[in-house]
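As structure tokens, the structure follows; a few thoughts come after it.
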Amino acid sequence: MTSAVQQRSAAELFAQALRYENRADPYPLYEQLLQEPVVRLTDGSWLATGHREIGLLLRDPRISADRLNPQQQPIRKSLLIADPPRHDQLRQAVTRQFVPRIMGMRDHIDGLVTSLLDAHTSETPGELDVVGDLAYPLPVTIICELLGVPREDERLFGSLARRLTRGLDPVETQTEEDIHQLQQTRVELAEYLEGLIARHDADGGGDLLAGLMNDQSPDGPMDAIDLRVTLGLLLIAGHETTVNLIANGTLALLRNPGLLARLRNDPDLVTPLVEEVLRHDPPVQMSGRSTLADIDIAGTTIPKGARIRLLLAAGNRDPRRFADPGSFLPDRADNAHLGFGGGIHYCIGAALARAEAQIALTALARRLDSPRLVADPPPYRENAILRGPERLPVAFARLLPDPREQ
Ligand code: HEM
């Protein structure tokens, strides 16, 4: 049982971790929070930071993925916050369309990375904003192609996605005005997606949206609302997460001397390296759940009906699970990080995100001659949950030609 003093200090540490001034490095605060793997906060919600405890909670059928306050509830839940059996039906429908379409995409991703970098060949010396020039346009282009969403609409839905992800942040970090704007944004996104679905050619193209519209499974195709909600989830997930994996990976490469040269000499290093970014500096810092029953865990009882915050990024630095958790060590033998969550809601886009990040980081290592961070830390986006740099200027001596083409 945690004492009132422990509750207050955990609540204060957590509030500090959410403050923008700690966005570039919330990890020392997480380290302190890790002293108590599960703790009740003063607002009545619970905070889980331990790797083992988060893993158990993610897999416990007495837990619901619905983490929203009653005033935040949407008309229809997306699969992210739905529970079985509805969750499983929606997830299977998406997986059926998603998995075959992302297989064999590596060459296409590679070509896109090359053309995004080639735009900078004339600059000697030059500067690249790794976020604006590569980490953002890459996943956005891919997700638009995959779903069948016109890339030219990006200006509209990019800003909607951006505003919506702020709404994922804990309510206490949002003003009345933010919450009002969020409702407005939800309506705008719904209108945009409805128009898109209505105009969409279900017979042509072979994209994922057409696939969902024509789904021939025994459950039949999704109804119009599920289609819209699922499309919105995929569009936002494809927009606002991988960008941070590529940016955080670039930071790790440029902050750890010798790593860049190692990656140039040993391209296979990129696979464990991206896993270590997902552990050490994960794009999704936190998730949430609620309890459907009393749950005994870590010597305490979370009562039925409680809201739980799962601080994935803290679990990834749990010294009970990982040796030397604060160090970036791509050679870790056993890197069971929580970067993509776990259990039945494990990220559907994991394979795509991994492929994009591996290809982008390999290309940066190969092609940037003498890169260095212009500002360290870089300016961060406001978001606490989908956390990452706003911009990531990197100066370089020369953009080298792709060695595979020489
Ligand atoms: C680096 C990139 C990404 C990271 C770190 C990430 C992380 C996560 C995490 C932590 C969850 C679990 C959330 C929870 O349990 O509450 C999740 C779920 C999900 N992700 Fe990702 N994601 C990434 C990219 C993507 C992409 C590219 C897509 C699709 C285009 C995607 C689609 C989804 C979906 C649909 C879910 C919900 C799955 C379910 O509820 O069953 N993600 N992701």
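What follows is calculated from the coordinates using simple rules that are stated; it is not laboratory data. What you see is a predicted model; the values in this text were computed from it and never measured. Neighbour counts are summed over all protein chains in view; Cβ atoms, including those assigned to glycine, are modelled from backbone coordinates with ideal geometry.
Take the Cα of N22, step 7 Å toward its Cβ, do the same at K304, and the gap between the two points is 3.4 nm. Annotation: amide H of I297 within the under-5 Å range of I302, sequence separation 5 or more or interchain, hydrogens built in the peptide plane.
Residue by residue, the range 41-54 carries 3J(HN,Hα) couplings of 8, 5, 7, x, 7, 10, 10, 10, 10, x, 4, 5, 5, 4 Hz when phi is fed to the Karplus relation 6.51 cos²θ - 1.76 cosθ + 1.60 (θ = phi - 60°); x denotes Gly or Pro. Using θ = phi - 60° in the Karplus curve 6.51 cos²θ - 1.76 cosθ + 1.60, the 3J(HN,Hα) couplings for the range 386-393 round to 8, 9, x, x, 6, 9, 9, x Hz; x is entered for Gly and Pro. For W46, nonlocal amide neighbours, meaning residues 5 or more places apart or on other chains whose placed amide H falls under 5 Å from its own, are L41, R307, I308, R309.
Around the amide H of G288, modelled in the peptide plane, lie the amide H atoms of L310, all under 5 Å away and 5 or more residues distant in sequence or on another chain.
When +1 charges are put on Lys and Arg Cβ atoms and -1 charges on Asp and Glu Cβ atoms, the dipole computed for the chain relative to its Cα centre reaches about 840 debye. Using θ = phi - 60° in the Karplus curve 6.51 cos²θ - 1.76 cosθ + 1.60, the 3J(HN,Hα) couplings for the range 356-368 round to 4, 5, 4, 5, 5, 5, 4, 5, 4, 5, 5, 9, 8 Hz; x is entered for Gly and Pro.
What is the local net charge at R391, summed over the other residues whose Cβ is closer than 12 Å to its Cβ (Lys, Arg +1; Asp, Glu -1)? Let's see the in-between values first.
On the way: positive: R381; negative: E127, D129, D133, E390.
Residues close to R391 contribute a combined charge of -3.
Using the Cβ of L182 as centre and a radius below 9 Å, the other residues enclosed give a net charge of +2, where K and R count +1 and D and E count -1.
Residues with beta-carbon under 13 Å from that of T121, excluding T121: net charge, scoring Lys, Arg +1 and Asp, Glu -1? Net charge in that neighbourhood comes out at -4. With the simple spin-label model, which puts each label point 7 Å out from Cα in the Cβ direction, the D43 to A333 separation comes to 4.2 nm. Pair-distance distribution of the chain: all C-alpha pairs, bin width 20 Å, starting at 0; shares per bin in whole percent are 26, 58, 16, 0. What distance in nm separates the two pseudo spin-label positions at R391 and R155, each 7 Å out from Cα along the beta-carbon direction? About 2.0 nm, to one decimal. Extension gain for S122 to L68 (0.36 nm times residue separation, less C-alpha to C-alpha distance): 14.5 nm.
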